[in-house]
Amino acid sequence: MKKNGFFTLMLHAHLPFINHPDFKQYMEERWLFEAITETYIPFLMVFKNLESKKIFFRITMSITPPLMEMLVNKDLQEKYLNYLDSSIALAKKEIEKTKDENEKKLKMAKYYYEKLNEIKKFYLKCNGNILSEFASFQEKGYLEIITCNATHGFLPLMLRYPEAVKAQIEIGVQTYENYMGKKPRGTWLAECAYVPGVDKYLSEAGLKFFFVDTHGLIYGDPTPKYGVYEPVITPEGVFVLARDPESSQQVWSAEVGYPGDPAYREFYKDVGFERDNEYISPYIDPSGIRCNTGIKYYRITGKNVSIDDKDYYDIDKAKEVVKIHAKDFAHKKKEQILRLSKEMGDVSPNIVAPFDAELYGHWWYEGPMFIEALFEELASIPEVIPATPPEVFEQMDAVQVVVPNSSTWGANGYNEVWLNGKNDWIYRHLDEMTERMIRLATIHKNTSDPNIEAALNQMARELLLAQSSDWAFIITTGTTVEYAENRTKFFLNNFMNIEKEVNDDNIDKKYIEKLNWLDAIFPKIDFRVFAKH
Amino acid sequence: MKNEKIKKIIEDNPSIQDLRKTAKLLNLRLKRTMKKREILKLIKKYLEENVETSSYRKNEPNKNVCEEKIESSHAVKAIPKTYKKDAVILDYVSPYWVHLRWDFSDNTIDLLKSLDIPVFARVVDITNIIYNGFNGNKVFQSEIPVGAGKYYFNVENQNANYIGEIGYYMDETFSCLIKSNIIKTPSSSPKFSKSEKWILLKSHDWKKLDKETINSIEKNEEFKGSLTSEINLEYLNPSSGEHIKKLSKIKSGGKL
């Protein structure tokens, strides 16, 4: 009987492509800025800490193509620095303000001021090139960075059009190669959404592994011998890893998950909503719409404590709890591996724990600290070996052939989040545009006219952007519905406008250039990916 | 605050308190002595000056570039309601729900109008049969308004094949006008198999495994041998409830 097993932490870093170069500030662009400040740079800092402490760690991380494109976008980089300066200015102002308010608030104001300055220093030191910082950790073997389909398109509703699925997958690979300088070995499927048939295109694109939700394997054909605790392979020759429900519950569960601890920072109480207008207006959206600033003084306090009765947050107390939680989780993984080993004989179990990367830091402020503390704990637990998927495959003696079940990681496990009465209107338009794209790409696949090429490339960008699963998701969750609907319509209209010009043989070069500036994604795209061969 | 919301407040005959509150949210400076119409004027001026609500312009966009077609990355125009093509599309939502949507050409709409009879959307279970239009295992149907464009059906079987149809009944016989694509609903239960297929990774480099290799292993009947020689006997028969019980024991969260 084996007495050890593998632990694969998988972090899915993704944001939809939001780029408004014609605006000095755009509220939804703050999603990226908040994620850089609270998640991506804190991750890099954690990796550096672990490296300098010589702690063994392995993390698998998907950085999606839209996120890659936004991280390298010069305009967004400049805007991010402005955002950061504004946040630092607010933190400084908060130090003065909280002197008369409360000692604990003052302590946190000083903490934010220092932290934000550290973030800025880090960002400037790497010249804004966060991607190459992540890549350097991959080169050292700590990270396995994988790709995702091009614009996070929801593949189960696209499978009628093989060219569309192929385009999503191939452009995902291309973008990775473009910015990481090598081919990805694995991929995350947007929304963890798998449908039989997708693996064929993954295999054709040279991808060796992907992830599914628990029921993707448990209800697979056949149910794998070791459930979700050993990777399987599809008949197309692509390895599949599945989510361990136990790990997810420990971290995610609203009832028992770590992020809900009373000592942790309360996400929903931010000075952006609390200070008076005159004071806060320079730091929120210019329209006056209130938004998060990242400066928060309260802790969760308790499950049934109303938002007005929250107690003050103390970062040092939270750090103590982080250590307790990391220790608890590490030991639970050890117990789980011993339990699984007992059942699995000579096969080493593999626990796969996938999460949205932005859960750590942005939503769960102490998340990056948790990851650091977790690997510190695991370093003294030989039974649990942190491993990336290729490292797991290397250790396997045999792999079972299984066709995974159609599944997603959305509510109830299938397509409900992305196909329901609120958002189903999107798909008739996406289908129509996909058919038109395939038709035009096939007609013009041998063209050498640069104007036609530029026009069709931009049509492909607009279609891909409209396909992003984020719009349907946002419409379902009811957060920024108007924005999501408008984005969808904006991309579809751009597509139709260019199509008309192509069909009328009347391409307006300046118009295409302007759209290429507004929707500046995938500079190396070739529309022929949509052509029928 | 979005322009649309501000406009609605103005149109709804607001009180001076409402207007003061709105102006405050818009960060407009008010004097204590200002009257209702003066505040209203100020808000209207704000609306005129702020075409975009959630953000503001950096510079004037490049005037040389096609301003008439695209105002900014914020501009939104309506999209067509129909593409006037005959199309019926079926998608699964979950193991027991499917979504049927349709669009019609002018000719089809004219035909349906001329017939002046009820139109039906149907979803037919065609699992394990060659469907000839009449031999479906089970039919789920609903009379539909032609313009509705979509309908959700609650179907009985998971892991089953379905096809959608739009048509009408003539002398109690269904006359199908347009058929959809065929779909298979996802499974919602484990599947047991009498045989397992395993590939020995000692003999086959994982990096080079592809469909062809897997097919050739299958042809050479290497699968069974691999399983017997390499895997703990206790696990040789996972095709049983016992196996699932074991899986349940080793997991403590989530759902099966």
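The values are calculated or read from the model by the stated rules, or taken from the named source; none is laboratory data. These figures come from a predicted structure and were not determined experimentally. Cβ sites come from the backbone with ideal geometry, for glycine too, and all protein chains shown count toward neighbours.
With the structure loaded, tell me whether A:Y511 is over 24 Å from A:I169 (Cβ atoms), touching a residue at least 40 places away in the same chain (Cβ under 8 Å) and assigned to a helix (DSSP H, G or I) or whether it fails that test. Considered against the rule, which asks whether it is over 24 Å from A:I169 (Cβ atoms), touching a residue at least 40 places away in the same chain (Cβ under 8 Å) and assigned to a helix (DSSP H, G or I), A:Y511 comes out as no. (1) surrounded by fewer than 19 Cβ atoms within 10 Å (Cβ to Cβ); (2) touching a His at 6+ places or on another chain (Cβ under 8 Å): which one isn't true of A:L67, the others all being true? Of (1) surrounded by fewer than 19 Cβ atoms within 10 Å (Cβ to Cβ); (2) touching a His at 6+ places or on another chain (Cβ under 8 Å), only one is false for A:L67: (1).
Looking only at the stretch A:387-415, filter to residues that are free of Cβ contacts under 8 Å to residues at least 24 places away in the same chain and over 20 Å from the mean Cα position of the chain (by Cα); which one of those is nearest to the other protein chains (Cβ to nearest Cβ)? Top of the filtered list is A:A398.
One residue stands out in the stretch A:229-267 among those that are free of Cβ contacts under 8 Å to residues at least 12 places away in the same chain and more than 22 Å from the chain's Cα centre (by Cα): the one that is surrounded by the most Cβ atoms within 10 Å (Cβ to Cβ), namely A:V256. Of all the listed residues (A:A472, A:A484, A:A520), the sole one being within 14 Å of chain B (Cβ to nearest Cβ) and over 19 Å from A:M70 (Cα atoms) is A:A472. Residues in the stretch A:417-435 that are at the interface with chain B (Cβ under 10 Å from one of its Cβ atoms) and surrounded by fewer than 19 Cβ atoms within 10 Å (Cβ to Cβ) were compared, and the one that is nearest to B:G149 (Cα to Cα) is A:W425. Annotation note: of B:S142, B:S114, the sole residue that is part of a strand (DSSP E or B) and over 30 Å from B:K191 (Cα atoms) is B:S142. Among the residues of the stretch A:237-261, those identified as more than 25 Å from A:H362 (Cα to Cα) and not in a strand (DSSP E or B) are A:G237, A:V238. Anything in the stretch A:68-106 that is out of contact with any Pro (no Cβ under 6 Å at 6 or more places or on another chain) and within 21 Å of A:P523 (Cα to Cα)? List them, or say none. Residues satisfying the conditions are A:M68, A:E69, A:M70, A:L71, A:V72, A:N73, A:K74, A:L76, A:Q77, A:E78, A:K79.
Among A:R439, A:R428, A:R461, which is of a type outside the set (V, I, T) and either more than 29 Å from the chain's Cα centre (by Cα) or at positive phi (or both)? After applying the criteria, what remains is A:R439. Restricted to the stretch B:183-209, and to residues there that are part of a loop (DSSP other than H, G, I, E, B) and touching a helix residue (DSSP H, G or I) at 6+ places or on another chain (Cβ under 6 Å), the residue that is farthest from A:P389 (Cα to Cα) is B:P190. Is it true that A:V322 is closer than 24 Å to A:Y111 by Cβ and either modelled with pLDDT of 95 or more or not assigned by TED's automatic domain parsing to the domain that holds A:I145 (or both)? The answer is yes for A:V322. If we keep just the residues of the stretch A:293-327 that are among the hydrophobic types (A, V, I, L, M, F, W, C) and not in a loop (DSSP other than H, G, I, E, B), which is nearest to A:A89 (Cα to Cα)? So, considering only residues that are among the hydrophobic types (A, V, I, L, M, F, W, C) and not in a loop (DSSP other than H, G, I, E, B), the one nearest to A:A89 (Cα to Cα) is A:I315.
Can you find even one residue in the stretch A:282-292 that is closer than 30 Å to A:V322 by Cα and more than 11 Å from chain B (Cβ to nearest Cβ)? Looking through the stretch A:282-292, at least one residue is closer than 30 Å to A:V322 by Cα and more than 11 Å from chain B (Cβ to nearest Cβ). Scanning the stretch A:417-463 for residues that are touching a residue at least 60 places away in the same chain (Cβ under 8 Å) and not in a helix (DSSP H, G or I) returns A:V417, A:W418, A:L419, A:H444, A:K445. Going through the stretch B:171-208 one residue at a time, which ones are away from chain A (no Cβ under 12 Å), without any contact (Cβ under 8 Å) to a residue 24 or more places away in the chain and not β-branched (V, I, T)? B:D171, B:E172, B:S175 - these are the residues of the stretch B:171-208 that are away from chain A (no Cβ under 12 Å), without any contact (Cβ under 8 Å) to a residue 24 or more places away in the chain and not β-branched (V, I, T).
Where helices (runs of 4 or more DSSP H) fall wholly inside the stretch A:161-236, the ranges with 3 or more residues that are among the hydroxyl-bearing types (S, T, Y) are A:162-180. As a summary of the residue check, A:V502 satisfies the conditions (1) touching a residue at least 60 places away in the same chain (Cβ under 8 Å); (2) within 13 Å of chain B (Cβ to nearest Cβ); (3) more than 24 Å from A:I169 (Cβ to Cβ) except for the one numbered (2).
Filter the stretch A:283-299 down to the residues that are without any contact (Cβ under 8 Å) to a residue 60 or more places away in the chain and surrounded by fewer than 21 Cβ atoms within 10 Å (Cβ to Cβ) and list them by number. Result: A:G288, A:R290.
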